[in-house]
Amino acid sequence: MKEKCYEMSEEDNSLFGIEKLNIPRSDIPAITHIDYSARVQTVHSETNPTYHSLINKFYEITGCPVLVNTSFNVRGEPIVCSPEDAFKCFMGTELDLLVIEDFVLLKNEQNQNLKEDYKDKYKLD
């Protein structure tokens, strides 16, 4: 959420080297690269009210105003491009729920015969 971002001042932006280490770092290790950088994307209530509302509700519940965005695929498979791809990937992973637009699918409510085990299908890198 844009309103929860740390705003770097002109002074912060002009720092170099060791001085930049004094700028606050993320409290969320999962989004912080080893060099303390992150690919932050902000959401504005004016431009995306639905997604902003989701993040705000998550913030109210958890105290964390951040949702992690990552590619949606399984090792060796291409990134999902359709609801069908998403459902197949969902059923072959340990995900508990899948949200597509206004639909929420719970794994335990799906036909368990549609499960596919990806664990042994692709070797590790």
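The values are calculated or read from the model by the stated rules, or taken from the named source; none is laboratory data. Nothing here was measured: the structure is a model prediction, and the numbers come from that model. Positions of Cβ are backbone-derived with ideal geometry, glycine not excepted, and every protein chain shown enters the neighbour counts.
Things to note:
- Filter result for residue 87 (of a type outside the set (A, V, I, L, M), under 13 Å from the mean Cα position of the chain (by Cα) and surrounded by 14 or more Cβ atoms within 10 Å (Cβ to Cβ)): no
- Top-ranked residue of the stretch 90-125 - restricted to ones that are surrounded by 10 or more Cβ atoms within 10 Å (Cβ to Cβ) and among the polar types (S, T, N, Q), ranked as modelled with the lowest pLDDT: 93
- Just one of (1) at negative phi; (2) without any contact (Cβ under 8 Å) to a residue 24 or more places away in the chain fails for residue 63. It is (1).
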